[in-house]
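Data first, discussion second: the structure below is written as C-alpha cells.
The values are calculated or read from the model by the stated rules, or taken from the named source; none is laboratory data. Keep in mind that this is a model prediction, so the values were computed, not measured. Here the Cβ is made from the backbone with ideal geometry for all residues, glycine too, and neighbour counts use every protein chain on show.
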Amino acid sequence: MRGGSTFGASATIRKGTSFVEPATDTQAGAPTTDVTISWQTFEDAANEAGMSRRYGGIHWQFGDTEARDNGKKMGEGAFSHAKKLWEGGSSLGTGSVLGVEQHPTPSTRDRTPRWARWFVGAYLAVFVVCGVVGLEAWPLTGWRLFADARQARQPGFQAVTVDTDGRETPIPFRDLPTGYRGDVQVLKGFAGLPPARQAAVCQAWATAVRARGGEVAEIRIYQTLTDVSRRAGDRGAPPARTLRFTCRPGSADAGG
C-alpha cells in the first residue's frame, strides 16, 4: 500500500498467486498478468471491499450497505469526538457514534453480577482453547469457518445409497432429521471408526432414507477430489470419485 497527504492507495496482485485458481501442469495460474487496483478515497476502498464480500458469497447486500452506512456514522462521530478533545473539551457527554449518548460509569450496585462475569470469562477461555488446539465442539469450534484457504483441488467425501438395480442416489442429509446433519465430520472420520461403529452409522443412514420411502440395498462412501479450475461447459466439472467403503447389512467393507 502507499499513501500521501491526500489519500491514495494501491495494491498489486502478482500473476499466478491466486489460491482459488493456481497454476497447474496445463494452464497458467490466475491472474495471468500482474493486476494493480487503486483507490482515490477511503470511500472507494470501502465500497470495493464491500462488493468483494458480496461477490464471494460471504455477505448479503443489506449487510454490506448497512455496514457502509454505519461506518460513515461512526467515522463522523469519532472525528467529532476527537476534535472536541483536541480543543480541550470534556470526554463525557455525546458518545463517539452520532446519536448515541455516553453515560457515566455505573455504580458498583449496577454492575454485571459476579457470576455472569465468571461465566463469560470461563466461556471465552474454553473458546480460545478450542481454537488453539483445533477442537471441533460446536459452538466452540476450531474457528474453521473462514480459516481454511480454498485450494484449486478440494478433497471431500460423498455418501450414496444404492438400490437393487444398482442406481446410486446421494444421501439427502439436509432433508433428514437434525441429528444426521453432521455428515461432513462423520465422513471425514469414518475410516478411523471401529468396524462395528461403521456398520452402525451406515445402518442409521439406511434406516433414515428408508423412512422417507427410499430403497437401500447398500451404501457406498466415495472420496472426492474437485478441481475448481476444470470446467464442463459453463459449469464446474464433476469431482473425481474413489470408492472407499461399501456398507452392506451388518458390515462396512473397505474399498468395496
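Of the residues making up the stretch 202-225, those that are within 19 Å of residue 163 (Cα to Cα), in contact (Cβ under 8 Å) with a residue 40 or more places away in the chain and touching a Phe, Trp or Tyr at 6+ places or on another chain (Cβ under 9 Å) are 202, 205, 216, 219, 220, 221, 222. Taken together, 82, 78, 45 contain a single residue that is modelled with pLDDT under 85 and either part of a loop (DSSP other than H, G, I, E, B) or small (Gly, Ala, Ser) (or both), which is 45.
Flag: residue 208 matches the condition of being under 30 Å from the mean Cα position of the chain (by Cα), surrounded by 13 or more Cβ atoms within 10 Å (Cβ to Cβ), assigned to a helix (DSSP H, G or I) and of a type in the set (A, V, I, L, M, F, W, C).
Residues checked against (1) β-branched (Val, Ile, Thr); (2) touching a residue at least 40 places away in the same chain (Cβ under 8 Å); (3) touching a helix residue (DSSP H, G or I) at 6+ places or on another chain (Cβ under 7 Å); (4) more than 17 Å from residue 248 (Cβ to Cβ):
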{"residue": "178", "(1), (2), (3), (4)": "yes, no, no, yes"}
{"residue": "189", "(1), (2), (3), (4)": "no, no, no, yes"}
{"residue": "192", "(1), (2), (3), (4)": "no, no, no, yes"}
{"residue": "228", "(1), (2), (3), (4)": "yes, yes, no, yes"}
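Kindly check whether there is at least one residue in the stretch 98-109 that is over 30 Å from residue 216 (Cβ atoms), in contact with a Lys or Arg (Cβ under 6 Å, 6 or more places away or on another chain) and at pLDDT below 80. Taking every residue of the stretch 98-109 in turn, at least one turns out to be over 30 Å from residue 216 (Cβ atoms), in contact with a Lys or Arg (Cβ under 6 Å, 6 or more places away or on another chain) and at pLDDT below 80. Output yes when any residue across the stretch 21-32 is at pLDDT 85 or above and under 30 Å from residue 227 (Cα atoms), and no when none is. No, the stretch 21-32 has no match at all.
For beta carbons closer than 6 Å, sequence separation of 6+ or different chains, a first residue in the stretch 4-18 that is part of a strand (DSSP E or B) and a second that is of a type in the set (Ser, Thr, Tyr) and modelled with pLDDT of 75 or more, the qualifying pairs are 10/36; 10/38; 12/36. When only residues in the stretch 230-251 that are in a strand (DSSP E or B) and touching a residue at least 40 places away in the same chain (Cβ under 8 Å) count, which is nearest to the chain's Cα centre (by Cα)? Once the filter is applied, the top-ranked residue is 241. Residue count for the stretch 55-73 under the criterion of being in a helix (DSSP H, G or I) and of a type in the set (A, V, I, L, M): the result is 1.
Reported count of residues in the stretch 129-175, each being at pLDDT below 65 and part of a helix (DSSP H, G or I), is 0.
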